[in-house]
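One structure is given below, encoded as structure tokens.
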Amino acid sequence: MPSSRTTSPKRLPEPPHLAQPKLTQVTDRTWTSWHDMVIAGFQGSAETETTALSRDLFPPPGCFGLRVGRAWVATASSTVRSLSVPGGEVPCAAVSDVTVAPAYRRRGLLSAMMRHQLDDLAARKVPVAALWASESGIYGRFGYGVATWSATLSGSTHESAFLPDIVTDGSVVEVSADQWLAAARPVHESVRAEQPGMFDRPGRWWEMETVDPERWREGRSARRYLVHFDAGGTVDGVGTYRFKDDWNRTGPAGKVSVGPVLASTPTAYAGLWRYQLDLDLARTFSASGAAAQETLLHLLADPRALDIRPADGLYLRILDVSEALQSRSYLADAALVLQVADPVLASVDGRYSLRITGGHAEVARTRKAPDLTLSARDLGAVYLGGVSVGDLHRAGRVREHTAGAVREAAGAFGWTRSPYCPDNF
């Protein structure tokens, strides 16, 4: 006779409103379950092609979260990389994987994680932290300011003629992913040395540039890889694109999706753009994640041909005022006392004497009366030189106590290139 036993139902989880989540460090053994929660938190599906890579890029020591029993209900991570700043570079915590399960929202879990992470990074003497925000209104209250602005560019390829004096000598060729990687590394480092907002790509970070699962393509082609040769045959620029084939009653209506263009010379930059805008069967183009101040605008004979939809880019958080400000260069001399208001990190809150001579700063704590008052969030915003102290003053976010202090600070903190970050993490 068949057994009369029935399988016991699996035990239900503890009711979320009664549970007490505990802050927990990720270990080698718990990383996979933690990563599963990260994917679920972004409403995604398991990405087996990138799991091992993700583990290497954000290894367990930088990962933590909150658990109820063995189940993760919130996550966060960081890894320290080198960030290019005006005239130099600085160690920077790249923050990622911040999620909270829907059933545990509005209970202070995000605040607990952010404060824990900031305290930990400050204790480890990491001068700055950076992140990309999936929702723009979240991180300002933790002292993160928008330091770079990105944009989606789009337009008609038939209306994209360059000004007649733009030089596009040399040549562009499509190459394999491996050939592109070999060419791209030195170009990236050359550009990064002059471009505030760019990160180094140690270890396996370069592999992220060639990961290309079909589900990421959204009906477009596989990623295609380009290199630009100067007149002497030396590689001085790289780019990538995808193509989406389309037709209408009059003929081809294809679309080019342009990736970041990295070029160490103006001719390489112009040449790579011209190649992609002149592709056969293409009628429109777009570039998401471009710089809001993309140089392409200054190449076009008709600037109205370029539609620019700006968005917030990299968010920056100052963790050590002295180290951060002394790590960058400045365009003008200045002598100011800054009052930095920081309700989150007591180690940042306070007054600082900023003396800039010959482009280099000396920073020290002081009790002198401030010339300017600004928040930690707004110090992060102006740090890379892309947001003007003067603009924030006009918005009421920077207070001037000494006449002329805003002009002095704006002149010093500006830079010759708008910051841009092509690395999303």
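The values are calculated or read from the model by the stated rules, or taken from the named source; none is laboratory data. These numbers were taken from a predicted model, which means no experiment stands behind them. Quick reminder, even Gly has a Cβ in these numbers, built from the backbone with ideal geometry, and neighbours come from all protein chains shown. To get the accessible areas, we keep the full protein, side chains included, count just its heavy atoms, and leave off ligands, DNA and RNA. Shrake-Rupley method; radii C 1.70, N 1.55, O 1.52, S 1.80 Å.
Some notes on this structure:
- Of the residues Ile308, Ile356, Ile39, the one with the largest accessible area comes first in the ranking Ile308, Ile39, Ile356, computed with a 1.4 Å probe on protein heavy atoms.
- Value of relative contact order over the chain, rounded to a whole percent, pairs C-alpha under 8 Å and six or more apart: 19 percent
- Less than 5 angstrom separates the built amide H of Val337 from those of Leu354, Asp371, Leu372, all sequence-distant by 5 or more or on a different chain.
- The HN-Hα couplings worked out from phi for segment 387-404 by the Karplus form 6.51 cos²θ - 1.76 cosθ + 1.60 (θ = phi - 60°) are 10, 7, 4, x, 5, 5, 5, 5, 7, x, 9, 10, 9, 9, 9, 10, 4, x Hz, whole numbers, x standing for Gly and Pro.
- Ordering Thr357, Thr27, Ala183 by Cα displacement along the dipole of the chain toward the positive end leaves Thr27 in first place; charges were set at the Cβ atoms of Lys, Arg (+1) and Asp, Glu (-1).
- Placed amide H near Ser96: partners under 5 Å, 5+ positions off or other chain: Ser77, Ser78
- Spatially proximal aspartates and glutamates relative to Lys244 (Cα-Cα < 18 Å; intrachain offsets below 8 disregarded): Glu174, Asp212, Glu214, Glu218, Asp278, Asp280
- Translational diffusion coefficient of the chain (Stokes-Einstein, Kirkwood radius from Cα pairs, 25 °C, 0.890 mPa s): 103 µm²/s.
- Between Arg204 and Asp28, the FRET efficiency from the beta-carbon distance, with R0 = 25 Å, is close to 0.90.
- Split the accessible area of the chain by element, probe 1.4 Å, and carbon with sulfur accounts for 50%.
- Projected onto their three principal axes, the Cα atoms of segment 173-258 cover extents of 48, 34, 26 Å, largest first.
- For segment 257-316, the direction-averaged projected area of the alpha-carbon convex hull comes to 4.9 nm².
- Using a Gaussian network model of the chain in which every pair of alpha carbons under 10 angstrom is joined by a spring, one finds that among Gln195, Gln276, Gln179 the greatest mean-square fluctuation is at Gln179.
- Remark: segment 289-306, residue by residue, has Karplus-estimated 3J(HN,Hα) of x, 6, 6, 4, 9, 4, 4, 3, 4, 8, 9, 6, 5, 10, x, 6, 6, 9 Hz, where x stands for each Gly or Pro and the curve is 6.51 cos²θ - 1.76 cosθ + 1.60 at θ = phi - 60°.
- Potential lengthening of the chain between Arg220 and Ala253 amounts to 10.5 nm, from the contour at 0.36 nm per residue minus the alpha-carbon distance.
- Three-way shape label, segment 293-413, alpha-carbon gyration tensor, a/c 1.5: prolate
- Integer Hz, Karplus 6.51/-1.76/1.60 couplings in order for segment 206-223, x for Gly and Pro: 5, 4, 4, 6, 10, 5, 8, x, 4, 5, 7, 7, 6, x, 8, 6, 4, 5
- Cα extents of segment 336-395 along the three principal axes, largest first (Å): 33, 27, 18
- Extension gain, Arg304 to Ser286, is 5.0 nm, computed as 0.36 nm per intervening residue step minus the present C-alpha separation.
- Proximal lysines to Lys22, defined as alpha-carbon separation beneath 29 angstrom and excluding residues fewer than eight positions away on the same chain: Lys10, Lys125
- With at most 14 neighbouring Cβ atoms within 10 Å, loop trypsin sites (Lys or Arg not before Pro) (DSSP) excluded, longest segment of the chain: 250-366
- Per residue, the accessible area of the chain comes to 49 Å² when a 1.4 Å probe rolls over the protein heavy atoms.
- Three-way shape label, segment 28-82, alpha-carbon gyration tensor, a/c 1.5: oblate
- Cα-based shape type of segment 164-203, given that a ≥ b ≥ c are square roots of the gyration tensor eigenvalues and the cut on a/c is 1.5: oblate
- Taking label points 7 Å from Cα along the Cα-to-Cβ direction, Thr48 and Ser111 give a separation of 4.2 nm.
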